[in-house]
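The values are calculated or read from the model by the stated rules, or taken from the named source; none is laboratory data. For clarity, every value in this text was computed on a predicted model and none was experimentally measured. Note that each Cβ is placed from the backbone with ideal geometry, even for glycine, and that neighbours are counted across all protein chains shown. Protein only, heavy atoms only, side chains kept; ligands, DNA and RNA dropped before computing areas. Shrake-Rupley method; radii C 1.70, N 1.55, O 1.52, S 1.80 Å.
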Amino acid sequence: MKMRMLVAGLVIMAVSGAAMAAEVEVLRAFDGNRGPGHKPGQDLSGAVGLKHVAELTDGGWMVHEKETGKVLQQMTLREFWNHVGAGKEAEKGTGFDPQKDCNDPKLIYDPLTDRWIAMVAGTGPTTKTYLAVSATGDPTGAWKGVTLPVPPRDPGVKVGFDRNGLYVLAHNGGNDLHNSGNCYVIPKSDTVAANGPSLANLQIFENIEYPMAVGVDLDANKSADGAEVLMNFDCYSGPTCDHLFMYKITWDGKGGGGKAKISEKQTIQLSKTYLSPNAQSHLVDCVQPSPGIKLRADGGRRTENLFAYKGSVFAANTAKVTKEGRTGILWYEIRISDGKVMQEQYVDDANLDYLYPALVVDGKGNIGIGCTGTSETENPSVYVMLKGLADVAMGPAVCALKGTTYYRYPGVRAVNWANYSSACLDPGDAGIMWVLQGYSASEMDKQWCSGWAAFKAK
């Protein structure tokens, strides 16, 4: 596996208004997995633990040593799930066997329990949705799993957690997206049970908005009545959007066997109207150097990453404000208690398209965003940007891992790029932020590449 490391300590000065803003320090960056998978887009999902960096994509399972980027374990997506044991069956080496074209893999790391959590689903009429939890904090070791009672279709799963529970959002098979989502809620003690995740106290909140991003909340002291948040940019109502939807889930305080409840849907008005294009509109077909084809970013209109910090949730979406402008990033901070918009900013560049943003907040309140950056003269590359706690606006994008060539996918006008991306906080250092993004570093047709970058506020 080819690996390209950046020199530690690369510092880029960002300027916000007339004052000097926070500096971005890229600590390290290295290659992730490579395609092709069974889809043009990578379906990227990854997480960072105390000693490991891992990703679960359509291209397979890969674990890196965090400090060096060295690959410690690699296998196909199906091989990974074949090694996941189901309760006592794990002792016999019997694992799960998802469909060949299993879809939307998801991976997160929960520092509150030192466990890795993975999900995958199929795409056809006999599909099953699997949930797996690592036995320890080492993702290369044993895993145990369970089949979630999700309707047999392409469910488009999202997953998040807080101190109280694990939350999974999936499509329920309905035709009206305003009530075609189900949220599966598992108490945290059941999620990390000794014999693997247990569904004994599973609750299902049915017929909510779809899709909804599911919050990641690292607050170890969160109370049972502290809300877990589901939220999404209303990306399917039309070609434009000026609002968000939000639900809040709270618990009754009885611990592992307690009950959860979900609020009514809340509509949150944004200050501006943004373009929310779909795959047919081609309004966010981004460019790369010739003869590379267009890169579709329409999937990025969905809210993919939702990060909770000190009473607010933060998220980012692909968006545009004019048809003629570059594709950019809408990011926002929403106060959980009442849904008030605390911050709302649009970030773009006259010379660069930004695709599939993912957002994270460090322990001091600095906001980091990772994305793919591409243009007529720049190959798809991994970019990061930062807004310091005292800054007025997001600083300029910094290239953390430079693409070496254009992405090749012959025979089509435009290809969907990445589908998803990931951002997370380093559990060993709350000042370090990590992102997993798609970029281009292969001259083989249809071989997409993923790249990791760690950065912080200097």
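When D154 is tested against (1) charged (D, E, K, R); (2) open to solvent by 40 Å² or more (accessible area, probe 1.4 Å); (3) over 19 Å from the mean Cα position of the chain (by Cα), exactly one condition is not met: (3). Being in contact with a Ser or Thr (Cβ under 8 Å, 6 or more places away or on another chain) and of a type outside the set (S, T, Y) is a property that K188 has. Pairs, please: C-beta under 8 Å, at least 6 apart or cross-chain, first residue exposed (fewer than 14 other Cβ atoms within 10 Å of the Cβ) and modelled with pLDDT of 95 or more and in the stretch 323-350, second part of a loop (DSSP other than H, G, I, E, B) and charged (D, E, K, R)? Partner pairs satisfying both residue conditions: A350/R326. Checked against (1) within 19 Å of the chain's Cα centre (by Cα); (2) in a loop (DSSP other than H, G, I, E, B); (3) of a type in the set (V, I, T), V159 passes all but condition (2).
The condition of being within 14 Å of L244 (Cα to Cα), open to solvent by less than 10 Å² (accessible area, probe 1.4 Å) and at pLDDT 95 or above holds for only one of A319, A315, that being A315. Annotation: K261 fulfils all but one of (1) without any contact (Cβ under 8 Å) to a residue 60 or more places away in the chain; (2) under 22 Å from N317 (Cβ atoms); (3) touching an Asp or Glu at 6+ places or on another chain (Cβ under 8 Å); (4) not polar (S, T, N, Q); the unmet one is (2). Each residue in the stretch 230-245 was checked for being open to solvent by less than 40 Å² (accessible area, probe 1.4 Å) and either of a type outside the set (F, W, Y) or on the phi > 0 side of the Ramachandran plot (or both), and 9 pass. Looking at E304, E264, which is the one that is of a type outside the set (S, T, N, Q), at pLDDT below 95 and in a loop (DSSP other than H, G, I, E, B)? Residue meeting the stated conditions: E304. Just one residue in the set A14, A18, A22, A8 is at pLDDT below 95, loosely packed, with under 13 Cβ neighbours inside 10 Å and touching a strand residue (DSSP E or B) at 6+ places or on another chain (Cβ under 6 Å); that residue is A8.
Of all the numbered requirements in (1) of a type in the set (A, V, I, L, M, F, W, C); (2) touching a helix residue (DSSP H, G or I) at 6+ places or on another chain (Cβ under 7 Å); (3) surrounded by fewer than 22 Cβ atoms within 10 Å (Cβ to Cβ); (4) closer than 26 Å to V48 by Cα, A200 misses one, and that requirement is (4).
Within the stretch 415-446, the set of residues being aliphatic (A, V, I, L, M), under 29 Å from P291 (Cα atoms) and open to solvent by 20 Å² or more (accessible area, probe 1.4 Å) comprises just one member, M444. Candidates are the residues of the stretch 267-284 that are of a type outside the set (S, T, Y) and outside any strand (DSSP E or B); the one that is most open to solvent (accessible area, probe 1.4 Å) is Q280.
For (1) acidic (D, E); (2) within 21 Å of R302 (Cβ to Cβ); (3) open to solvent by 40 Å² or more (accessible area, probe 1.4 Å); (4) part of a loop (DSSP other than H, G, I, E, B), each residue gets a yes or a no:
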residue	(1), (2), (3), (4)
E67	yes, no, yes, yes
K100	no, no, yes, yes
D104	yes, yes, no, no
I117	no, yes, no, no
P125	no, no, yes, yes
G137	no, no, no, yes
G145	no, no, no, no
